[in-house]
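First the structure, in the form of structure tokens, and then the observations on it.
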Amino acid sequence: MDAAADRNAALFDRARRVLPGGVNSPVRAFGAVGGTPVFVRSAKGCRLLGEDGRTYLDMVGSWGPLLLGHAHPRIVKAIREAAGDGTSFGMPSAVEVEMAEAVARAMPSLEMVRFTCSGTEAAMSAVRLARAATGRDLVLKFAGGYHGHADGFLVEAGSGAATGGVPSSPGVPASVAGATLTARYNDLADVERLLRAHAGRVACVAVEPVAGNMGVVPPEPGFLEGLRGLCDGHGALLLFDEVISGFRAGPGGAQGLYGVRPDLTALGKIIGGGLPVGAYGGRRVLMERVAPSGPVYQAGTLSGNPLAMRAGLEMLRILAEQPQVFARLESLGADLEAGLRDAAAPFADRTCVQRVGSLLTLFFCPGPVRNFEDALRADRAAFGRFFHGMLRRGVHLPPAQFEAWFLSAAHGDEEIGQAVAAAREALPEALGVRP
Ligand code: KE4
């Protein structure tokens, strides 16, 4: 290895002595693909500079927040200005109100909003509220769905939980796991079966309206509308986890794209503009139950801090000023999908490409992938070889099969071409086929 690569490897050795797995979030550790993770020194637009001295085309985008790319000038400027005025007050500030109003304007089902510091906090708080509002204890989620690491959600969870082979984590009491029901995504009959079997006991149905944590699995026509009807019929609330899809699937999120109005929504990622922000919101009659206006307790030292709020507000302002960003992301996504499909055509019996807008996954199994059972058929060893083949060619994919590739407005035709060209070479290598 050259000196820079040695430095990167040495950093990982140091990291593993003080950080579990050497990282602060499991999927970053390359556990699913092997090898040494790239420690990032800096990033700009859609490119990363690694401590290994190499530059990479970034297809992770910090797992979603960076819809406009790394270090967007207006967002950096907003953060710099806000920092000089104080990063956190622990008291209300005007920018929190402006941010809540901006979210509500974009996503009208959020009549009221509460900011948190992560998507996990947002989703878990929304569930607490749903339980309080309905007086019911059970939560129905979907196998392969990921809603953060709150105890009740670590049951057949996707993303890093599935990648690490522990979709139902130890440390979660059986009593808590027992309050979580899991259904098959895109299967309304399965949802109805569970709602009937637990009649009057399900507080909410929690769903990623675009599943991104088993790889990208689009909702089939009628699925989301069917969930709305089943929730109404069974007195359960519908919780859309739009931590990924919010402000990515469109200016109004997936609920705007598909025209289905949830009772509660969890947000994160993009609304922080790269800083730690989550949010939950929904019908006023529900949200007014949240402390201090109501008894449902939820709090946070840094919730709504002015620094993160300014970053998020600048992000939302840019998206409001430049709605054409969404058409551009759709076009880039379509071009990447078409290019990958063409590159994978000789292996169509062993791969498939699935996409919603700027979210995409190349699965190492034949399609369609409709749910987590389908996704689990993927050849993860082949994905690992493909991942490293792409990395060697300067393209950094999410280091796990059960994740989405995230495009940004900083990607362009050149970057799509680079990713497709790399895939044309990495695919036969990964599948052990002579090009
Ligand atoms: P955070 O607590 O990581 O901010 O959000 C949790 C969460 C909630 N809901 C959905 C739909 C999510 O995708 C996430 C987090 N996404 C993962 C990527 N699949 C974050 C990456 C990581 O865990 O390091």
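The values are calculated or read from the model by the stated rules, or taken from the named source; none is laboratory data. Treat the numbers as computed from the prediction; the structure is a model and nothing was measured. Please note: Cβ atoms are built from the backbone with ideal geometry, for glycine as well, and neighbour counts cover all protein chains shown. We work out accessible area using only protein heavy atoms, side chains counted, and drop any ligands, DNA or RNA first. Shrake-Rupley method; radii C 1.70, N 1.55, O 1.52, S 1.80 Å.
Of these, R310, R328, which one is part of a helix (DSSP H, G or I) and closer than 22 Å to A100 by Cα?
Unique residue meeting the criteria: R310.
Please state which of the following conditions L302 fails to meet, knowing it meets all the rest: (1) aliphatic (A, V, I, L, M); (2) within 15 Å of the ligand (Cβ to nearest atom); (3) out of contact with any Cys (no Cβ under 7 Å at 6 or more places or on another chain).
Checking L302 against (1) aliphatic (A, V, I, L, M); (2) within 15 Å of the ligand (Cβ to nearest atom); (3) out of contact with any Cys (no Cβ under 7 Å at 6 or more places or on another chain), the one that fails is (3).
Would you tally the residues in the stretch 1-36 being away from the ligand (no atom under 16 Å from the Cβ) and either under 17 Å from H396 (Cβ atoms) or buried (at least 19 other Cβ atoms within 10 Å of the Cβ) (or both)?
Count: 9.
Test F39 against the stated conditions and say whether it is open to solvent by 30 Å² or more (accessible area, probe 1.4 Å) and hydrophobic (A, V, I, L, M, F, W, C).
yes
For the stretch 237-264, which residues satisfy the criterion of being part of a loop (DSSP other than H, G, I, E, B), touching a residue at least 60 places away in the same chain (Cβ under 8 Å), more than 15 Å from the ligand (Cβ to nearest atom) and open to solvent by 20 Å² or more (accessible area, probe 1.4 Å)?
Result: P251, R261.
Given the structure, is G53 farther than 22 Å from S159 by Cα, more than 16 Å from the ligand (Cβ to nearest atom) and assigned to a loop (DSSP other than H, G, I, E, B)?
In short, yes.
Across the stretch 109-132, which residue is nearest to the ligand (Cβ to nearest atom) among those that are open to solvent by 30 Å² or more (accessible area, probe 1.4 Å) and farther than 21 Å from G272 by Cβ?
My answer is R128.
Residues that are at pLDDT 95 or above and open to solvent by less than 30 Å² (accessible area, probe 1.4 Å), at least 1 per element: which helices (runs of 4 or more DSSP H) completely within the stretch 158-221 meet that?
It comes to 188-197.
Of the conditions (1) more than 22 Å from the chain's Cα centre (by Cα); (2) open to solvent by 20 Å² or more (accessible area, probe 1.4 Å), P306 clears all except one; give me its number.
(2)
Looking only at the stretch 265-293, which residues are under 24 Å from F142 (Cα atoms) and either within 13 Å of the ligand (Cβ to nearest atom) or under 15 Å from the mean Cα position of the chain (by Cα) (or both)?
So in the stretch 265-293, the residues under 24 Å from F142 (Cα atoms) come out as 265-270, 278-283, 286.
T265, A266, L267, G268, K269, I270, G278, A279, Y280 - these are the residues of the stretch 265-293 that are under 24 Å from F142 (Cα atoms) and either within 13 Å of the ligand (Cβ to nearest atom) or under 15 Å from the mean Cα position of the chain (by Cα) (or both).
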